[in-house]
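Below is one structure, written out as structure tokens; comments come after it.
The values are calculated or read from the model by the stated rules, or taken from the named source; none is laboratory data. Fair warning: this is a prediction, and the values are worked out from it, not measured in the lab. In this analysis, Cβ positions are derived from the backbone assuming ideal geometry, glycine residues included, and neighbour counts consider all displayed protein chains. These area figures cover heavy atoms from the full protein model, side chains too; ligands, DNA and RNA do not enter into them. Shrake-Rupley method; radii C 1.70, N 1.55, O 1.52, S 1.80 Å.
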Amino acid sequence: MDRAHRSPAHAANATRNAQTTRWRAARWRSARTALWRLLDRHVDPEDRVAVVGAGNADDVPLRPLSHRAAHVDLIDLDVAALRRAQGRVGARRRALGVVVEDVTFDRADAIARAAVNGRAPPSTLPEPGRVGDTYDVVIADLLFTQLLYPALADARLPAPIIDRTMQRHGQPLTDAVVAWLHASAPHGVVVHVHDLLGWWPGHPQPFALDDVLTLAEHDLDAALELAQTGDIPYGCDPRQACGALGATVIDTALWRWPFAPGVDYLVCATIAREA
């Protein structure tokens, strides 16, 4: 059995990380700047920080983050991507660790394998654990839409099966991951960075991305309400998961992620603290 069948979520993650290109560093500079503007308010000099779902970390302001924090761990299931990210930091590399871990604790693989085989997932899925030590700040790096959907898409399942699987299992999986993230920062905060909406050819939205960002400048709540009327992906809402967990949202920011020519995402970053 090849890796895509044995570990479909792992394989899909590695495939996408391998697609990194040289132009991403320059193209995504504005997204890194927006994220650092938010982190600058919440990361203190003595903090231990984890970037979960880091991958290549092309969208993460690694240099200012590693200079500010006492230590930063990059956590992902793709060790090759983590080493690429670590190698870009240079002199501060010693302050940047890597932790190879599946943040779904094999749940995504179990759900995807069952969907591919036309079966229901096991009634008992692996229990979430905790990676390493606890942290002061945990950053969930654009991982929620990547937990399950890419594995289903790469398996070339029919769209109705993908939709049904995401509707049934996506949000419970997201809820479990969010609970683990907060358990890893019991006295700190979690920064949920989420690609909420996307615009690309053949995938229109009922409003422009600039409409949301302009509205957010003077009425963030109204901007979030407008965003919720768009074509949002199923089963990967960290704000909903925070509500189910009883976590308190203490800060929110919206920005544009210029993913590729003709492809833009609205990023919603939610900073929450567990009650």
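In the set (1) open to solvent by 40 Å² or more (accessible area, probe 1.4 Å); (2) β-branched (Val, Ile, Thr); (3) over 29 Å from PRO160 (Cβ atoms); (4) more than 20 Å from the chain's Cα centre (by Cα), THR248 fails one condition alone, (4).
Among what's in segment 121-145 and is more than 28 Å from ALA70 (Cβ to Cβ) and at pLDDT 70 or above, pick the residue that is surrounded by the fewest Cβ atoms within 10 Å (Cβ to Cβ).
This residue is PRO121.
The set of residues in segment 207-219 that are in contact with a strand residue (DSSP E or B) (Cβ under 9 Å, 6 or more places away or on another chain) and loosely packed, with under 14 Cβ neighbours inside 10 Å comprises ALA208, ASP210.
Residues that are charged (D, E, K, R), out of contact with any Ser or Thr (no Cβ under 9 Å at 6 or more places or on another chain) and open to solvent by 50 Å² or more (accessible area, probe 1.4 Å) within segment 67-92 comprise ARG68, ARG83, ARG88, listed in sequence order.
Cβ-Cβ distances below 9 Å connect the following pairs, each with a first residue in segment 229-252 that is touching a residue at least 60 places away in the same chain (Cβ under 8 Å) and on the phi > 0 side of the Ramachandran plot, a second residue that is open to solvent by 80 Å² or more (accessible area, probe 1.4 Å) and basic (Lys, Arg), and a separation of six or more residues or different chains: GLY235/ARG168. When segment 146-171 is filtered for residues that are open to solvent by 30 Å² or more (accessible area, probe 1.4 Å) and either of a type in the set (A, V, I, L, M) or outside any helix (DSSP H, G or I) (or both), the ones remaining, listed by number, are ALA153, ALA155, ARG156, PRO158, ALA159, ILE161.
The residue of segment 93-110 that is nearest to PRO8 (Cα to Cα), among those that are among the hydrophobic types (A, V, I, L, M, F, W, C) and in contact with a Ser or Thr (Cβ under 7 Å, 6 or more places away or on another chain), is LEU96. For segment 1-26, a residue qualifies if it is of a type outside the set (Lys, Arg) and at pLDDT below 75, and the qualifying residues are MET1, ASP2, ALA4, HIS5.
Examine segment 222-243 for a residue that is in a strand (DSSP E or B) and among the small types (Gly, Ala, Ser), and state whether such a residue exists.
no
Could you go through segment 74-97 and let me know if any residue there is acidic (Asp, Glu), outside any loop (DSSP other than H, G, I, E, B) and either modelled with pLDDT under 90 or within 13 Å of GLY55 (Cβ to Cβ) (or both). For segment 74-97, residues acidic (Asp, Glu), outside any loop (DSSP other than H, G, I, E, B) and either modelled with pLDDT under 90 or within 13 Å of GLY55 (Cβ to Cβ) (or both): present.
From the list ASP76, ASP106, which residue is on the phi > 0 side of the Ramachandran plot and charged (D, E, K, R)? Walk me through it before giving the result.
Numbers: ASP76 fails: on the phi > 0 side of the Ramachandran plot.
Sole residue among the options that is on the phi > 0 side of the Ramachandran plot and charged (D, E, K, R): ASP106.
All conditions in (1) open to solvent by 20 Å² or more (accessible area, probe 1.4 Å); (2) over 28 Å from ARG29 (Cβ atoms) hold for SER184, with the sole exception of (1).
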